[in-house]
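Comments concern the structure below.
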Amino acid sequence: MPHFDVTVFGQQLQQAVASRDWDALQRLDRALAAQLPQAPRLRPDEVAQLQQFYQALLREIGSALQQSEQDMARCLQQREQSLAYANVSEFAEQP
């Protein structure tokens with residue numbers, strides 16, 4: 001069995017993250033989980049490199065989630081402002 005190429009795998013992870021292709025990330029992760037038990041043991045530098053790739057991946061996912069949360073909050077605020085009930089006080093009886 002050929003040795004697992006951490007560099008190629010890391011590049012594939014980076015491409016998937018850059019394109020926000022979350023399905024590709026899942027496929028890559030599953031492929032890694034299936035391949036590692038069959039491949040020869042990883043060297044300590046390869047393990048460290050793989051950890052760095054996954055740490056960067058998690059940071060990027062966190063950043064994307066935070067951006068999505070901000071976008072959703074902005075959208076919700078815009079929708080609230082455009083709804084009729086937001087302007088109900090304009091139609092209230094004056095004392």
Notebook entry, point to check: Can you give the net charge of the other residues whose Cβ lies under 14 Å from the Cβ of Gly62, counting K and R as +1 and D and E as -1?
Noted result: 0
Notebook entry, point to check: Using Cα pairs under 8 angstrom and six or more residues apart, how large is the relative contact order of the chain, in percent?
Noted result: 33
Notebook entry, point to check: Of all accessible surface on the chain at a 1.4 Å probe, what whole percent is carbon and sulfur?
Noted result: 53
Next item on the list: Determine the calculated [θ] at 222 nm for the chain from helices alone, applying -39500 (n - 2.57) to every DSSP H run no shorter than 4 residues and normalising by the residue count; nearest 500 deg cm²/dmol.
Entry: -24000 deg cm²/dmol
Checklist line | FRET efficiency, 1/(1 + (r/R0)^6) with R0 22 Å, evaluated for Gln11 and Arg43 via beta carbons | finding: 0.75
Next item on the list: Please calculate how many Å² of accessible area the stretch 1-49 carries per residue, with a 1.4 Å probe and no DNA, RNA or ligand atoms counted.
Entry: 69
Next item on the list: Specify the residue with the greatest mean-square fluctuation among Arg79, Arg20, Arg59, computed from a Gaussian network of the chain linking alpha-carbon atoms under 10 Å apart.
Entry: Arg79
Note to self: At 1.567 mPa s and 4 °C, plugging the Kirkwood radius over alpha-carbon pairs of the chain into Stokes-Einstein gives what diffusion coefficient in µm²/s?
What the structure shows: 77
Check: Where does the charge balance sit around Phe4 when Lys and Arg score +1, Asp and Glu -1, over other residues with C-beta under 11 Å from its C-beta?
Finding: 0
Next item on the list: Considering only Leu83, Leu50, Leu25, give the residue with the highest GNM mean-square fluctuation for the chain, with springs between Cα atoms whenever their separation is below 10 Å.
Entry: Leu83
Next item on the list: With +1 on each Lys and Arg Cβ and -1 on each Asp and Glu Cβ, and nothing else charged, work out how big the dipole of the chain is about its Cα centre, in Debye to the nearest 20.
Entry: 440
Note to self: Among Leu76, Gln38, Leu28, which residue has its Cα furthest toward the positive end of the charge dipole of the chain, with +1 on Lys/Arg Cβ and -1 on Asp/Glu Cβ?
What the structure shows: Gln38
Notebook entry, point to check: Given R₀ = 25 Å, FRET efficiency for Gln26-Arg74 by Cβ-Cβ distance, to 0.05?
Noted result: 0.30
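The values are calculated or read from the model by the stated rules, or taken from the named source; none is laboratory data. If you're wondering where the values come from, they're calculated on a predicted model, not measured in any experiment. Positions of Cβ are generated from backbone atoms using ideal geometry, with glycine treated the same way; all protein chains shown enter the neighbour counts. In case anyone asks, the SASA skips ligands and DNA or RNA and just uses the protein heavy atoms, side chains included. Shrake-Rupley method; radii C 1.70, N 1.55, O 1.52, S 1.80 Å.
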